[in-house]
């Protein structure tokens, strides 16, 4: 597909540049330069596919698929640059208006350009959805901006011919704004994926439900998906299992689920076992009371991995808190409120909690270190 793009964009560049020179049309020349940038983008696309498809090696154990994000960023910057160039040329045309000289070959180039760019847009968009490729989607959007740009210039020149008005500069400037906007939107999207963003919520929910549907799994939490490029994902998740079950049986269940998730979702996932006591009435009572307290403090906070541990003379309540978006309390405020309430309902226990806010974990580090020294 990239080879087709290279060939088509080079032909369009030569044809539009020739027509632009003959017709003395700055807008057509700018559009030709735009196709030259598409020619360069297609070459970048070809190089991107070659590098990103390379297997993992010693220095890149997670593969090279993220190079697509880098290439997509380069393409977006080229789009922005071309948009500014077209805007500058259009302003010059506005200050020095001139009726464009046209002939039949002039209009043929316009029409063929729109047709072949529409074909490229359709193919790039179809392949980007099929392969979940950001650079193909960026290239598709670039092709679409070319369609809008060329069509706008075509209409403006026709308008000028019929009414003897030079309006292609104004139309060109509006089109340049659209092109710059397209490039910036692609840049933000790809840079976000390079920085690291949350996985699609639908995918996260599907994976959680798939794991939860297995017999022997009593809870799923802390699912984290790492994006190392297109179709190259690694994940980890905590699952609750019955503490009374044989550890070999639980381990075999975990291994089985990991293989199933890898096959179904094409994700390398690691499951961490959290054993829970299903028949501890005291634990269930304290947990239910704390859950009710959490609802009163802030509905954006949830609890998981709750357990009670007797460590010598000290009894401990240990749990994790998941803080979702919308919670206005700081981690320190949450910790203080929960500790106070926990002391009211279970004064004989010491409260230990880890707070998960997005993927960051706030751990009570000092008590934890003291516990290690005791052991």
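Quick notes
- Residues in region 130-140 that are at pLDDT below 80 and assigned to a helix (DSSP H, G or I): 130, 131, 134, 135, 136, 137, 138, 139.
- One residue stands out in region 188-215 among those that are in a loop (DSSP other than H, G, I, E, B) and out of contact with any strand residue (DSSP E or B) (no Cβ under 6 Å at 6 or more places or on another chain): the one that is farthest from residue 234 (Cα to Cα), namely 215.
- Here residue 262 fulfils each of the conditions (1) farther than 22 Å from residue 320 by Cβ; (2) touching a residue at least 24 places away in the same chain (Cβ under 8 Å); (3) surrounded by 13 or more Cβ atoms within 10 Å (Cβ to Cβ) apart from (2).
- Condition check for residue 152: touching a residue at least 60 places away in the same chain (Cβ under 8 Å) and not assigned by TED's automatic domain parsing to the domain that holds residue 233: no
- Among the residues of region 47-72, those identified as more than 19 Å from residue 268 (Cα to Cα) and either buried (at least 20 other Cβ atoms within 10 Å of the Cβ) or not assigned by TED's automatic domain parsing to the domain that holds residue 34 (or both) are 48, 67, 68, 69, 71, 72.
- Of the residues screened, residue 185 is one that is part of a helix (DSSP H, G or I), in contact with a helix residue (DSSP H, G or I) (Cβ under 9 Å, 6 or more places away or on another chain) and surrounded by fewer than 16 Cβ atoms within 10 Å (Cβ to Cβ).
- Odd one out for residue 83, checked against (1) within 25 Å of the chain's Cα centre (by Cα); (2) touching a residue at least 24 places away in the same chain (Cβ under 8 Å); (3) over 19 Å from residue 17 (Cα atoms): (3)
- Filtered by the rule that a residue be surrounded by fewer than 16 Cβ atoms within 10 Å (Cβ to Cβ) and either touching a residue at least 12 places away in the same chain (Cβ under 8 Å) or more than 30 Å from residue 53 (Cα to Cα) (or both), region 227-255 gives 231, 234, 236, 244, 245, 246, 247, 248, 249, 251, 252.
- Subset of region 302-346 that is within 22 Å of residue 279 (Cα to Cα) and without any contact (Cβ under 8 Å) to a residue 12 or more places away in the chain - its residue that is surrounded by the most Cβ atoms within 10 Å (Cβ to Cβ): 309
- Residue in region 81-90 that is closer than 28 Å to residue 163 by Cα and surrounded by fewer than 16 Cβ atoms within 10 Å (Cβ to Cβ) present: yes
- Some residue of region 11-18 being in the same structural domain as residue 127 (by TED's automatic domain parsing), in contact (Cβ under 8 Å) with a residue 40 or more places away in the chain and buried (at least 21 other Cβ atoms within 10 Å of the Cβ): yes
The values are calculated or read from the model by the stated rules, or taken from the named source; none is laboratory data. Please read these numbers as outputs of a predicted model, since none were measured by experiment. Every residue, glycine as well, gets a Cβ built from its backbone with ideal geometry; the counts of neighbours run over all protein chains shown.
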